[in-house]
Amino acid sequence: MTINYQKRRDILLSEIEADSAVILVGNTEKVRNKNITYNFRQDNDFYYLTGFAEPDAVAVLRPDSEQPFVLFNLPKDEAAEINFGHRCGQKMAGELYGSDAAYDIAELEERLPALLEQRQHIYLSDELGRFEDRIFSWLNRQRRSVKFDETKVFRSLHSVLPYIHERRIIKDEAELARIRQAVNASVDGHKTVMKQAKPGVNEQQLAGAFFGKVSEYGCQDVGYPTILASGNNACCLHYTENNDELQDGQILLIDAGGDYQYYTADITRSFPVNGTFNNTQKAVYEIVLAALDNAIAQVKPGNPWNRLYETAMETLAQGLIDLGILNCSFEEAMTKELYKPYSIHKTGHWMGLDVHDVGRYKNNGEWKTLQANMVFTIEPGLYFPAHDNSVAPEFRGMGIRIEDDILVTVDGHENLSAGAPRTVEEIEAWMAS
């Protein structure tokens, strides 16, 4: 299913002033060492509006123009393409990406002043300030070129990101198709890791098995560094060393998602290395799973975003009381947030081009309400580090998190990642099969 990038640009340009221009700056290649670069990935906002995935590109968008989309990109270069791969160049940019005009990136500073004439409002996409010096150099050049005609000079600078990021929260059908493929690949990847996990296996070996499996589905990368955390390592939320040997009796936490055509999955499963939960592990696991399921049950259009977190925390708090870890009433646990030392993160985030996708969670101080075609994760967890003397010894050195990818539907929700074993019975049966 093809993504309609022109429609996205048209919507953006309809939302800003007619005498505006938008400058979108793509990513550059990053050197890993000497003449070796990291695998290139385009800036996600640039990609969202253009679909253009080559480095060193700038797009200029202008409402009420005969050329609303002007692309500056690298030229065709036979020697460079022999060494580093195909370039689109300028002649094919219109046919492949819908640009109304395309120029060599080397011509940007020369041509930009004319493109910005009569444009009073300039919108920029440079969120991290990576190209701040270059952008202001371009704008000052434009100012100097028309210094005696103020009507031709920009008067205000704005960020275009709020316009883009709110749109990115709601996925279209083409995006959902890519997300489904990423999730389906990742479900199979998680099942593969469960099958191969056993005492004596190294975490990195399982990380490789996960990537190998999602690659079979067309994923060229993972959406974020894979977390394969055995035992106490799971108490580090973003553990990525992945270099310990699995031990009998441990819980293994895997947080991993494949990236398919720029869209990512984000799934977490926790399971026993030896294939069988002991009583303590099972008790903690089923509390976390209940928190996840109770939160998922709250997903439907019109419900506020924070209800998911509150529901999960209520379940975890009662579970900690039932385990004897919290010695207080449920009301006190909630009022004083006594569960927080053991549940140390929020319970979800938007998901799409970014694993922690963009977009606000509140509008004017009020929690955003759920709408159809939103996609996000829900991921409650409980963590008991090895040094935590507030819990009995049998809990220490264990972290359990379960994370599913949820789509809001017109009348409720769909758990996209439900195919990855998630109940105690499903996990033990799959690992034993």
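Things worth noting here:
- Counting only residues that are loosely packed, with under 13 Cβ neighbours inside 10 Å and either under 15 Å from Leu292 (Cβ atoms) or among the small types (Gly, Ala, Ser) (or both), segment 310-332 holds 2 of them.
- Criterion: of a type in the set (Asp, Glu), surrounded by fewer than 17 Cβ atoms within 10 Å (Cβ to Cβ) and either in a helix (DSSP H, G or I) or touching a residue at least 24 places away in the same chain (Cβ under 8 Å) (or both) - qualifying residue of Asp248, Asp259: Asp248
- Residues (part of a loop (DSSP other than H, G, I, E, B) and buried (at least 23 other Cβ atoms within 10 Å of the Cβ)) located in segment 179-201: Ala197
- If the condition is being modelled with pLDDT under 65, in a loop (DSSP other than H, G, I, E, B) and surrounded by fewer than 13 Cβ atoms within 10 Å (Cβ to Cβ), then segment 148-167 contributes Phe148, Asp149.
- Filtered residues of segment 202-238 (kept if part of a loop (DSSP other than H, G, I, E, B) and among the β-branched types (Val, Ile, Thr)): Thr226
- Filter result (in contact with a strand residue (DSSP E or B) (Cβ under 6 Å, 6 or more places away or on another chain) and assigned to a strand (DSSP E or B)) within segment 70-91: Val70, Leu71, Phe72
- Single residue of Thr409, Thr335, Thr369 found to be more than 24 Å from the chain's Cα centre (by Cα), surrounded by fewer than 22 Cβ atoms within 10 Å (Cβ to Cβ), in the same structural domain as Ile287 (by TED's automatic domain parsing) and of a type in the set (Ser, Thr, Tyr): Thr335
The values are calculated or read from the model by the stated rules, or taken from the named source; none is laboratory data. For clarity, every value in this text was computed on a predicted model and none was experimentally measured. Note that each Cβ is placed from the backbone with ideal geometry, even for glycine, and that neighbours are counted across all protein chains shown.
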